[in-house]
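One structure is given below, encoded as C-alpha coordinates.
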Amino acid sequence: MTVSRPIHVHIAPAAIRDNYRLAKRLAPAARAWAVIKADAYGHGQWRAVEALRDEADGFALLECEQAVALRQAGVTQPLLLLEGIFSPADVAAVVEHRLTTVVHCCEQLAWLTAACPAETPLSLCLKLNTGMNRLGFTAATLPRARELLRRLPHADITLMTHFAEADGVRGIDWQLQRFRGLAGDWQGTVSLANSAAILRHPQTHADWVRPGIMLYGASPFADQSAAELSLRPAMTLSSRIIAVQELDAGERVGYGGTFTAPRKMRIGVVACGYADGYPRHAPSGTPLAVLGRRSATVGRVSMDMLACDLSEIPEAAIGAPVTLWGEGAGGSVPADEVAAAAGTIAYELFCAVAPRVPVVVGER
Ligand SMILES: *Cc1c(COP(=O)(O)O)cnc(C)c1O
(Lines give C-alpha, C1' and ligand atoms only; values in the text may rest on other atoms or scores of the structure.)
Protein backbone atom coordinates (compact mmCIF):
# COMPACT_ATOMS: atom_id res chain seq x y z
CA MET A 1 0.00 0.00 0.00
CA THR A 2 1.34 3.42 -0.83
CA VAL A 3 0.46 6.05 1.72
CA SER A 4 0.12 9.76 1.15
CA ARG A 5 1.19 10.68 4.69
CA PRO A 6 4.66 12.00 3.97
CA ILE A 7 6.79 10.19 6.57
CA HIS A 8 9.24 7.60 5.20
CA VAL A 9 12.28 5.72 6.32
CA HIS A 10 14.92 5.39 3.59
CA ILE A 11 17.35 2.49 3.83
CA ALA A 12 20.55 2.57 1.75
CA PRO A 13 21.94 -0.98 1.37
CA ALA A 14 25.02 0.45 -0.36
CA ALA A 15 25.88 2.35 2.81
CA ILE A 16 25.67 -0.88 4.84
CA ARG A 17 28.02 -2.47 2.31
CA ASP A 18 30.48 0.42 2.47
CA ASN A 19 30.46 0.37 6.26
CA TYR A 20 31.08 -3.40 6.29
CA ARG A 21 34.02 -2.86 3.94
CA LEU A 22 35.39 -0.24 6.32
CA ALA A 23 35.22 -2.75 9.20
CA LYS A 24 37.14 -5.24 7.03
CA ARG A 25 39.76 -2.65 6.11
CA LEU A 26 40.24 -1.75 9.77
CA ALA A 27 40.61 -5.41 10.78
CA PRO A 28 42.23 -6.85 7.66
CA ALA A 29 43.37 -10.11 9.24
CA ALA A 30 40.00 -10.90 10.80
CA ARG A 31 36.78 -12.28 9.43
CA ALA A 32 33.67 -10.30 10.33
CA TRP A 33 30.27 -11.40 11.56
CA ALA A 34 27.82 -8.81 10.26
CA VAL A 35 25.55 -8.34 13.27
CA ILE A 36 21.95 -8.29 11.99
CA LYS A 37 20.08 -8.82 15.26
CA ALA A 38 16.98 -6.73 16.02
CA ASP A 39 15.96 -6.79 12.35
CA ALA A 40 19.38 -5.41 11.44
CA TYR A 41 19.05 -2.61 14.02
CA GLY A 42 15.72 -1.65 12.47
CA HIS A 43 17.05 -1.57 8.89
CA GLY A 44 15.43 -4.87 7.89
CA GLN A 45 17.24 -8.17 8.27
CA TRP A 46 16.66 -9.20 4.67
CA ARG A 47 17.82 -5.84 3.32
CA ALA A 48 21.05 -6.12 5.28
CA VAL A 49 21.57 -9.73 4.20
CA GLU A 50 20.91 -8.80 0.58
CA ALA A 51 23.38 -5.90 0.84
CA LEU A 52 26.11 -8.17 2.24
CA ARG A 53 25.22 -11.45 0.62
CA ASP A 54 28.31 -11.64 -1.56
CA GLU A 55 30.84 -10.38 0.93
CA ALA A 56 29.92 -10.97 4.57
CA ASP A 57 32.07 -13.66 6.17
CA GLY A 58 29.12 -14.51 8.41
CA PHE A 59 25.97 -13.12 9.98
CA ALA A 60 25.19 -12.88 13.69
CA LEU A 61 21.65 -12.79 15.06
CA LEU A 62 19.52 -14.03 17.94
CA GLU A 63 16.69 -16.25 16.76
CA CYS A 64 17.23 -19.81 15.69
CA GLU A 65 14.15 -19.57 13.45
CA GLN A 66 15.59 -16.53 11.64
CA ALA A 67 18.86 -18.33 11.08
CA VAL A 68 17.00 -21.30 9.61
CA ALA A 69 15.09 -18.91 7.34
CA LEU A 70 18.42 -17.51 6.10
CA ARG A 71 19.63 -21.04 5.33
CA GLN A 72 16.40 -21.78 3.49
CA ALA A 73 16.94 -18.61 1.46
CA GLY A 74 20.31 -20.01 0.38
CA VAL A 75 22.65 -18.13 2.71
CA THR A 76 25.69 -20.38 3.04
CA GLN A 77 27.95 -18.30 5.30
CA PRO A 78 28.41 -19.16 8.98
CA LEU A 79 25.45 -17.96 11.06
CA LEU A 80 26.08 -17.15 14.71
CA LEU A 81 23.37 -17.31 17.39
CA LEU A 82 24.52 -14.56 19.76
CA GLU A 83 22.64 -15.80 22.82
CA GLY A 84 22.93 -19.46 21.87
CA ILE A 85 20.09 -21.92 22.22
CA PHE A 86 17.17 -21.21 24.53
CA SER A 87 16.01 -24.81 25.11
CA PRO A 88 16.82 -28.38 24.07
CA ALA A 89 14.27 -27.94 21.27
CA ASP A 90 16.77 -25.69 19.41
CA VAL A 91 19.50 -28.34 19.14
CA ALA A 92 18.04 -30.11 16.09
CA ALA A 93 18.04 -26.90 14.01
CA VAL A 94 21.59 -26.05 15.10
CA VAL A 95 22.83 -29.44 13.89
CA GLU A 96 20.72 -29.67 10.74
CA HIS A 97 21.49 -26.14 9.54
CA ARG A 98 25.10 -25.97 10.75
CA LEU A 99 24.44 -22.94 12.93
CA THR A 100 27.29 -21.61 15.03
CA THR A 101 26.00 -21.17 18.53
CA VAL A 102 27.21 -19.22 21.51
CA VAL A 103 27.50 -21.33 24.63
CA HIS A 104 27.38 -19.17 27.73
CA CYS A 105 26.27 -21.55 30.49
CA CYS A 106 26.55 -25.20 31.47
CA GLU A 107 22.85 -25.76 30.85
CA GLN A 108 23.29 -25.02 27.15
CA LEU A 109 26.21 -27.45 27.01
CA ALA A 110 24.18 -30.12 28.79
CA TRP A 111 21.34 -29.72 26.24
CA LEU A 112 23.87 -30.17 23.43
CA THR A 113 25.64 -33.17 24.93
CA ALA A 114 22.33 -34.85 25.73
CA ALA A 115 21.10 -34.58 22.13
CA CYS A 116 24.29 -34.91 20.09
CA PRO A 117 26.32 -38.05 19.51
CA ALA A 118 30.04 -37.45 20.20
CA GLU A 119 30.92 -37.27 16.52
CA THR A 120 28.49 -34.41 15.77
CA PRO A 121 30.40 -31.61 14.00
CA LEU A 122 29.23 -28.63 16.04
CA SER A 123 30.53 -25.07 15.79
CA LEU A 124 30.50 -23.37 19.18
CA CYS A 125 31.46 -19.94 20.49
CA LEU A 126 32.33 -20.41 24.13
CA LYS A 127 31.53 -17.13 25.83
CA LEU A 128 33.68 -15.94 28.71
CA ASN A 129 32.38 -13.41 31.21
CA THR A 130 35.23 -10.94 31.60
CA GLY A 131 33.33 -8.16 33.36
CA MET A 132 30.13 -7.43 31.46
CA ASN A 133 28.45 -9.81 33.91
CA ARG A 134 25.62 -10.69 31.58
CA LEU A 135 26.51 -13.94 29.83
CA GLY A 136 29.48 -16.28 29.97
CA PHE A 137 31.70 -18.56 31.98
CA THR A 138 33.84 -17.37 34.85
CA ALA A 139 36.84 -18.94 36.56
CA ALA A 140 34.30 -20.76 38.76
CA THR A 141 32.22 -22.30 35.96
CA LEU A 142 34.76 -22.77 33.18
CA PRO A 143 36.19 -26.09 34.51
CA ARG A 144 32.73 -27.68 34.39
CA ALA A 145 32.28 -26.37 30.83
CA ARG A 146 35.60 -27.95 29.82
CA GLU A 147 34.45 -31.23 31.29
CA LEU A 148 31.19 -31.17 29.34
CA LEU A 149 33.03 -30.20 26.15
CA ARG A 150 35.06 -33.40 26.33
CA ARG A 151 31.87 -35.18 25.33
CA LEU A 152 31.84 -33.20 22.07
CA PRO A 153 35.31 -33.89 20.65
CA HIS A 154 34.28 -32.85 17.14
CA ALA A 155 33.05 -29.43 18.18
CA ASP A 156 34.93 -26.56 16.55
CA ILE A 157 35.41 -24.00 19.32
CA THR A 158 35.91 -20.23 19.26
CA LEU A 159 36.57 -18.39 22.50
CA MET A 160 34.71 -15.10 22.74
CA THR A 161 33.91 -12.29 25.11
CA HIS A 162 32.04 -9.00 24.89
CA PHE A 163 33.32 -5.58 25.93
CA ALA A 164 31.29 -3.43 28.31
CA GLU A 165 33.21 -0.15 27.90
CA ALA A 166 35.05 -0.31 24.58
CA ASP A 167 33.48 3.09 23.79
CA GLY A 168 34.41 4.67 27.12
CA VAL A 169 37.38 5.80 29.16
CA ARG A 170 37.88 2.51 30.98
CA GLY A 171 38.45 0.82 27.64
CA ILE A 172 39.19 -2.84 27.11
CA ASP A 173 42.59 -3.63 28.64
CA TRP A 174 41.11 -4.79 31.93
CA GLN A 175 38.76 -7.21 30.16
CA LEU A 176 41.49 -8.38 27.79
CA GLN A 177 43.60 -9.22 30.82
CA ARG A 178 40.78 -11.26 32.37
CA PHE A 179 40.20 -12.95 29.00
CA ARG A 180 43.85 -14.03 28.82
CA GLY A 181 43.62 -15.28 32.40
CA LEU A 182 40.61 -17.46 31.56
CA ALA A 183 41.82 -18.57 28.12
CA GLY A 184 45.21 -19.73 29.46
CA ASP A 185 47.28 -21.24 26.66
CA TRP A 186 44.36 -21.33 24.19
CA GLN A 187 45.75 -21.33 20.63
CA GLY A 188 42.42 -21.61 18.80
CA THR A 189 40.06 -19.08 17.28
CA VAL A 190 39.13 -15.94 19.21
CA SER A 191 36.37 -13.31 18.76
CA LEU A 192 36.29 -10.15 20.87
CA ALA A 193 35.56 -6.90 19.07
CA ASN A 194 32.27 -5.01 18.68
CA SER A 195 32.13 -1.82 16.57
CA ALA A 196 33.80 0.36 19.23
CA ALA A 197 36.69 -2.06 19.62
CA ILE A 198 37.06 -2.47 15.84
CA LEU A 199 37.33 1.30 15.47
CA ARG A 200 39.47 2.12 18.51
CA HIS A 201 41.25 -0.96 19.85
CA PRO A 202 43.10 -2.84 17.07
CA GLN A 203 44.70 -5.19 19.61
CA THR A 204 41.25 -6.82 19.97
CA HIS A 205 40.70 -7.72 16.33
CA ALA A 206 41.79 -11.37 16.68
CA ASP A 207 40.16 -13.92 14.31
CA TRP A 208 36.55 -12.73 14.07
CA VAL A 209 35.20 -9.23 14.69
CA ARG A 210 31.50 -8.47 15.30
CA PRO A 211 30.52 -5.10 13.80
CA GLY A 212 26.95 -4.00 14.57
CA ILE A 213 26.13 -0.30 14.87
CA MET A 214 28.95 0.78 12.55
CA LEU A 215 27.34 -1.16 9.68
CA TYR A 216 24.35 1.13 9.98
CA GLY A 217 26.44 4.27 9.93
CA ALA A 218 26.19 5.50 13.52
CA SER A 219 29.08 6.09 15.87
CA PRO A 220 29.53 3.96 18.97
CA PHE A 221 31.31 6.90 20.62
CA ALA A 222 29.93 9.96 22.37
CA ASP A 223 33.07 11.93 21.46
CA GLN A 224 33.55 11.05 17.78
CA SER A 225 31.00 11.45 14.99
CA ALA A 226 30.10 8.89 12.36
CA ALA A 227 31.41 11.27 9.68
CA GLU A 228 34.77 11.53 11.48
CA LEU A 229 34.90 7.73 11.42
CA SER A 230 34.08 7.70 7.68
CA LEU A 231 30.80 5.87 8.30
CA ARG A 232 27.85 6.45 5.97
CA PRO A 233 24.34 6.66 7.46
CA ALA A 234 22.20 3.80 6.18
CA MET A 235 18.89 5.11 7.54
CA THR A 236 17.13 8.40 6.90
CA LEU A 237 13.85 9.27 8.60
CA SER A 238 12.15 11.97 6.60
CA SER A 239 8.78 13.71 6.44
CA ARG A 240 7.27 17.05 5.50
CA ILE A 241 5.77 20.16 7.03
CA ILE A 242 1.98 19.75 7.11
CA ALA A 243 1.03 23.02 8.86
CA VAL A 244 2.54 26.38 9.72
CA GLN A 245 1.60 28.57 12.70
CA GLU A 246 2.55 32.20 13.32
CA LEU A 247 2.91 32.65 17.07
CA ASP A 248 2.89 35.80 19.17
CA ALA A 249 5.37 36.07 22.00
CA GLY A 250 4.06 34.17 25.03
CA GLU A 251 2.10 31.56 23.02
CA ARG A 252 2.85 27.99 23.98
CA VAL A 253 3.28 24.92 21.77
CA GLY A 254 1.89 21.40 22.12
CA TYR A 255 0.70 19.24 25.02
CA GLY A 256 1.55 20.58 28.43
CA GLY A 257 2.66 23.88 26.91
CA THR A 258 6.28 23.07 27.68
CA PHE A 259 7.59 25.58 25.13
CA THR A 260 6.73 29.29 25.26
CA ALA A 261 7.56 31.51 22.29
CA PRO A 262 10.00 34.15 23.59
CA ARG A 263 9.12 36.41 20.65
CA LYS A 264 7.06 36.27 17.47
CA MET A 265 7.83 32.86 15.94
CA ARG A 266 7.00 30.83 12.89
CA ILE A 267 6.36 27.17 13.78
CA GLY A 268 6.18 24.20 11.41
CA VAL A 269 4.24 21.05 12.22
CA VAL A 270 5.91 17.86 10.97
CA ALA A 271 4.10 14.59 10.24
CA CYS A 272 6.19 12.52 12.65
CA GLY A 273 5.41 11.54 16.21
CA TYR A 274 6.21 8.96 18.83
CA ALA A 275 3.89 6.45 17.16
CA ASP A 276 6.34 6.59 14.24
CA GLY A 277 9.20 5.80 16.60
CA TYR A 278 10.45 9.33 17.18
CA PRO A 279 11.45 9.54 20.86
CA ARG A 280 8.76 11.25 22.94
CA HIS A 281 11.35 12.29 25.50
CA ALA A 282 13.23 14.39 22.89
CA PRO A 283 13.19 17.88 24.42
CA SER A 284 12.70 21.24 22.70
CA GLY A 285 15.93 21.92 20.82
CA THR A 286 16.40 18.43 19.37
CA PRO A 287 17.98 18.96 15.94
CA LEU A 288 16.27 18.36 12.60
CA ALA A 289 16.61 19.89 9.13
CA VAL A 290 14.04 21.62 6.91
CA LEU A 291 14.74 22.48 3.26
CA GLY A 292 18.41 21.77 3.84
CA ARG A 293 18.66 24.11 6.85
CA ARG A 294 19.23 23.02 10.43
CA SER A 295 16.53 23.78 12.96
CA ALA A 296 15.16 22.23 16.13
CA THR A 297 11.99 20.87 17.68
CA VAL A 298 9.82 22.98 19.96
CA GLY A 299 7.39 21.61 22.56
CA ARG A 300 6.45 18.02 23.29
CA VAL A 301 6.48 15.33 20.64
CA SER A 302 2.92 14.07 20.22
CA MET A 303 1.74 10.75 18.83
CA ASP A 304 1.61 11.79 15.16
CA MET A 305 3.23 15.22 15.01
CA LEU A 306 6.01 17.33 16.30
CA ALA A 307 6.68 21.05 15.94
CA CYS A 308 9.82 22.85 14.83
CA ASP A 309 11.05 26.40 14.59
CA LEU A 310 10.81 27.91 11.10
CA SER A 311 11.58 31.49 12.15
CA GLU A 312 14.91 31.43 10.29
CA ILE A 313 13.56 29.41 7.34
CA PRO A 314 10.87 31.71 5.90
CA GLU A 315 10.78 29.84 2.59
CA ALA A 316 9.63 26.64 4.36
CA ALA A 317 5.92 26.16 3.74
CA ILE A 318 3.50 23.24 3.77
CA GLY A 319 5.16 20.39 1.88
CA ALA A 320 8.72 21.42 2.75
CA PRO A 321 10.90 18.33 3.22
CA VAL A 322 12.13 17.56 6.74
CA THR A 323 14.96 15.24 7.76
CA LEU A 324 14.46 13.88 11.28
CA TRP A 325 17.76 12.01 11.04
CA GLY A 326 20.05 10.80 8.29
CA GLU A 327 20.67 12.44 4.93
CA GLY A 328 17.65 13.41 2.84
CA ALA A 329 15.90 16.05 0.80
CA GLY A 330 15.31 17.98 4.03
CA GLY A 331 19.02 18.10 4.78
CA SER A 332 21.45 16.20 6.91
CA VAL A 333 21.22 15.44 10.65
CA PRO A 334 23.31 12.69 12.26
CA ALA A 335 21.15 10.20 14.18
CA ASP A 336 23.77 10.38 16.92
CA GLU A 337 22.99 14.08 17.49
CA VAL A 338 19.25 13.44 17.74
CA ALA A 339 19.94 10.56 20.11
CA ALA A 340 22.25 12.65 22.29
CA ALA A 341 19.66 15.42 22.54
CA ALA A 342 17.04 12.85 23.54
CA GLY A 343 19.31 11.19 26.11
CA THR A 344 19.62 7.93 24.22
CA ILE A 345 21.77 6.30 21.54
CA ALA A 346 21.24 5.88 17.79
CA TYR A 347 20.87 2.11 18.33
CA GLU A 348 17.58 2.77 20.12
CA LEU A 349 16.31 5.30 17.55
CA PHE A 350 16.94 2.85 14.70
CA CYS A 351 15.29 -0.09 16.46
CA ALA A 352 12.26 1.99 17.43
CA VAL A 353 11.11 3.07 13.95
CA ALA A 354 7.51 1.89 13.87
CA PRO A 355 6.04 -0.62 11.42
CA ARG A 356 3.59 2.05 10.23
CA VAL A 357 6.44 4.05 8.65
CA PRO A 358 6.73 3.10 4.96
CA VAL A 359 10.19 1.96 3.89
CA VAL A 360 11.93 3.16 0.74
CA VAL A 361 14.98 1.14 -0.25
CA GLY A 362 17.84 2.54 -2.30
CA GLU A 363 20.01 5.57 -2.71
CA ARG A 364 18.14 8.84 -2.36
C1 LIG B 1 25.16 -6.67 19.49
C2 LIG B 1 26.44 -7.34 19.65
C3 LIG B 1 27.57 -6.90 18.94
C4 LIG B 1 27.56 -5.65 18.08
O5 LIG B 1 27.74 -4.53 18.90
P6 LIG B 1 27.87 -3.06 18.27
O7 LIG B 1 28.13 -2.19 19.44
O8 LIG B 1 26.55 -2.76 17.66
O9 LIG B 1 28.95 -3.12 17.28
C10 LIG B 1 28.73 -7.61 19.05
N11 LIG B 1 28.80 -8.71 19.85
C12 LIG B 1 27.74 -9.15 20.56
C13 LIG B 1 27.89 -10.35 21.43
C14 LIG B 1 26.54 -8.47 20.51
O15 LIG B 1 25.49 -8.91 21.22
Name the residue farthest towards the positive end of the dipole of the stretch 235-361 from the options Gly268, Gly254, Ser295, assuming +1 on Cβ of Lys and Arg, -1 on Cβ of Asp and Glu, about the Cα centre. Gly254
Nonlocal amide H pairs with Val190, under 5 Å, H built at 1.01 Å: Leu159, Asp207, Trp208
How much length is gained on full extension from Arg21 to Lys264, taking 0.36 nm per residue of separation minus their Cα-Cα distance? 82.5 nm
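Using a 1.4 angstrom probe on the protein heavy atoms only, could you order Ser332, Ser4 from most to least accessible area?
Working: Ser332 65, Ser4 115 Å².
In descending accessible area the options line up as Ser4, Ser332.
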Förster radius 41 Å - calculated FRET efficiency between Glu119 and Val361 (Cβ-Cβ, nearest 0.05): 0.40
Hits in the stretch 182-196: amide N under 12 Å from the 7 Å Cα→Cβ extension of Ile157, namely 183-189
What angle, in degrees between 0 and 90 and rounded to the nearest 10, separates the Cα long axis of helix 106-115 from the longest principal axis of the Cα atoms of the chain? 60 degrees
At 1.4 Å probe size, with every protein chain present, just tell me what the per residue accessible area of the chain comes to in Å². 44 Å²
Quick check: at a probe of 1.4 Å, how many percent of the accessible area of the stretch 235-361 sits on carbon and sulfur atoms? 54 percent
Efficiency by 1/(1 + (r/R0)^6): what FRET value for Gln224 and Ala354, r their Cβ-Cβ distance, R0 = 22 Å, to the nearest 0.05? 0.15
In nm, give the distance between the simple-model label positions of Asp173 and Gln72, each being 7 Å from the Cα along the Cα-to-Cβ direction. 5.0 nm
Take the Cα pairs of the chain, get the Kirkwood Rh, then feed it into Stokes-Einstein at 25 °C and 0.890 mPa s and tell me D in µm²/s. 111 µm²/s
For Lys24, list the lysines whose Cα falls under 27 Å from its own Cα; do not include residues on the same chain fewer than 8 positions away. Lys37, Lys127
Express in Å², to the nearest 10, the accessible area of Glu246 obtained by rolling a 1.4 Å probe over the protein heavy atoms while all chains stay in place. 130 Å²
Taking Asp54, Asp309, Asp223 and ranking on accessible area (1.4 Å, protein atoms only), highest first, one gets Asp54, Asp223, Asp309
Compare the Cα positions of Trp208, Ala335, Leu306 along the charge dipole of the chain (+1 at Cβ of Lys, Arg; -1 at Cβ of Asp, Glu; about the Cα centre) and return the one farthest towards the positive end. Trp208
Taking Cα centroids, how far is the stretch 219-250 from the stretch 83-115 in Å? 42 Å
Give the residue list of GluC sites (Glu not before Pro) in the stretch 250-342 that are DSSP loop and have at most 13 other beta-carbon atoms within 10 angstrom. Glu312, Glu315
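Quick one: order Tyr20, Tyr255, Tyr347 from most to least accessible surface, probe 1.4 Å. If you can, show how the numbers build up before the last one.
On the way: Tyr20 0, Tyr255 160, Tyr347 80 Å².
Sorted descending by solvent-accessible area, the residues read Tyr255, Tyr347, Tyr20.
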Each label sits 7 Å from Cα toward the beta-carbon; between Met132 and Ala29 the label points are separated, in nm, by 2.3 nm
Looking at Gln45, Ser4, Trp174, which one has the Cα that reaches farthest to the positive end of the dipole of the chain (charges on Cβ: Lys, Arg +1; Asp, Glu -1)? Trp174
Ellipticity estimate at 222 nm from DSSP helix runs (n ≥ 4, -39,500 (n - 2.57)) divided over the chain, nearest 500: -7000 deg cm²/dmol
PRE reach from Arg293 (point 7 Å along Cα→Cβ): which of the stretch 220-251 fall under 17 Å by backbone N? 240-247
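Within the accessible area of the stretch 14-79, what % is carbon and sulfur when the probe is 1.4 Å and the other protein chains stay in place? Write out the running numbers ahead of the final one.
Numbers: 1270 of 2660 Å².
That fraction is 48 percent.
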Pseudo-spin-label distance Glu251 to Ala140, built 7 Å along Cα→Cβ, given in nm, is 6.4 nm
With axes computed from alpha carbons, what is the tilt in degrees of helix 13-26 against the longest principal axis of the chain, rounded to the nearest 10 within 0 to 90? 50 degrees
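The values are calculated or read from the model by the stated rules, or taken from the named source; none is laboratory data. Just so it is clear, the model here is predicted, and its values are computed rather than measured. So basically every Cβ, Gly included, is an ideal-geometry build from the backbone, and we count neighbours across all protein chains shown. Side chains included, ligands, DNA and RNA excluded: accessible areas come from the protein's heavy atoms. Shrake-Rupley method; radii C 1.70, N 1.55, O 1.52, S 1.80 Å.
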